[in-house]
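Since the structure comes first, as structure tokens, the remarks are kept for the end.
The values are calculated or read from the model by the stated rules, or taken from the named source; none is laboratory data. In this text, all values refer to a predicted model and were calculated from it rather than measured experimentally. With ideal geometry, Cβ positions are generated from the backbone for all residues, glycine too; neighbour counts draw on all protein chains shown. Calculation scope for accessible area: heavy atoms of the full protein, side chains included, ligands and nucleic acids excluded. Shrake-Rupley method; radii C 1.70, N 1.55, O 1.52, S 1.80 Å.
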Amino acid sequence: MSKLVVISGPSGAGKGTVVKELLNIYEKKQEPLYLSVSATTRSPREGEIDGVNYYFITEEEFEQKILENDFLEYNKYGTGKYYGTLKSQVFTYLNKGYDVILEIDINGYKQIINNYKDAIGIFIMPPSLEVLEQRLRDRKTETEENIQKRLKTAREELENIDLYPYIVINQDGKVKEAAFEVYNIIKKN
Ligand code: 5GP
């Protein structure tokens with residue numbers, strides 16, 4: 001049976017790199033895994049590609065999709081931007097036999113577990129809030145105001161961590177280990 005997996009964790013925890021490594025693990029094992037592409041109203045970061053990292057859409061387009069019931073879940077994040085999971089993304093791939101990963105925030109996870117009891121929730125933790133702040137600064141893509149908003153949201157998310165049955169710590173330089181931990185969690189469910 002295909003599995004719906006939710007990966008959450010504060011911005012800067014390294015979810016993206018862990019998921020990338022997880023995709024490699026599935027590929028090596030020739031098992032199908034799909035990373036759902038969300039829609040967002042935030043601007044692309046340097047190097048991000050529309051339709052690959054996100055569907056970058058306007059606030060009007062996003063609100064139209066809400067009205068049309070296109071989202072499995074959506075949220076207005078701490079930065080004031082919308083993010084949402086498109087039903088079309090998830091069901092197309094689950095039906096094809098892929099495990100599907102949603103890399104979404106805690107608000108999105110709450111909406112998912114209300115409707116899909118079998119969804120597997122995994123929270124990726126940074127080793128500490130100091131490391132998290134450093135990683136956000138190292139990106140050099142965020143304004144100071146946005147870094148502060150992301151840190152505030154991170155503290156709120158860490159308070160809700162007990163909603164997740166699984167917690168994986170992404171230690172510096174140990175991305176492969178973290179990804180294998182995630183893989184093993186998915187497989188034992
Ligand atoms: P970022 O701007 O760093 O790409 O994402 C900010 C936050 O939004 C992250 O915690 C990310 O996981 C979350 N996010 C990304 N896509 C979605 C989505 O489709 N739904 C929800 N609820 N959160 C999302």
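Cross-link pairs exceeding 21 Å in C-alpha to C-alpha distance, out of Lys76/Lys149; Lys3/Lys188; Lys20/Lys117; Lys20/Lys81; Lys117/Lys188; Lys81/Lys176, comprise Lys20/Lys117; Lys20/Lys81; Lys81/Lys176. Around Glu142, what is the net charge, scoring Lys/Arg as +1 and Asp/Glu as -1 over all other residues with Cβ under 12 Å from its Cβ? Taking every Cβ under 12 Å from that of Glu142, the sum is +3. The order of Leu94, Leu67, Leu129 by accessible area, most exposed first and with a 1.4 Å probe, is Leu67, Leu129, Leu94.
Its relative contact order, with pairs defined as Cα atoms under 8 Å and 6+ residues apart, puts the chain at 35 percent. Rounded to the nearest 500, the helix-only mean residue ellipticity at 222 nm of the chain stands at -13500 deg cm²/dmol, with each DSSP H run of n ≥ 4 adding -39,500 (n - 2.57). Shape class of region 1-102 from the Cα gyration tensor (axes a ≥ b ≥ c, square roots of the eigenvalues): oblate, since a/c reaches 1.5 or more and a/b does not exceed b/c. Candidate membrane-span-like segments in the chain, meaning DSSP H helices with Cα atoms spread over at least 27 Å of their own axis and a Kyte-Doolittle mean of -1.0 or above, do not occur, with no membrane implied either way. Along the axis of the charge dipole computed for region 22-157 (Cβ charges of +1 for Lys and Arg, -1 for Asp and Glu, origin at the Cα centre), the listed residues Leu129, Ile112, Ser36 are led at the positive end by Leu129.
Rolling a 1.4 angstrom probe over the protein heavy atoms with all chains in place gives the chain an accessible area of 54 Å² per residue.
The string of couplings for region 37-50 from the Karplus curve (6.51, -1.76, 1.60, θ = phi - 60°) is 9, 7, 9, 8, 9, 7, 7, x, 7, 4, x, 7, 10, 4 Hz, one whole number per residue in order, with x for Gly and Pro. Of the listed residues Glu73, Glu21, the order by accessible area with a 1.4 Å probe, largest first, is Glu21, Glu73. Element breakdown for the chain at a 1.4 angstrom probe: carbon and sulfur atoms account for 48% of the accessible area.
Diagonalising the gyration tensor over the Cα atoms of region 4-188 and scaling each eigenvalue by 5 before taking the square root yields semi-axes of 22, 22, 16 Å, largest first.
Taking amide H as placed 1.01 Å from N in the peptide plane, Glu103 has its amide H under 5 Å from the amide H of Ile7, Ser36, each at least 5 places away in sequence or on another chain.
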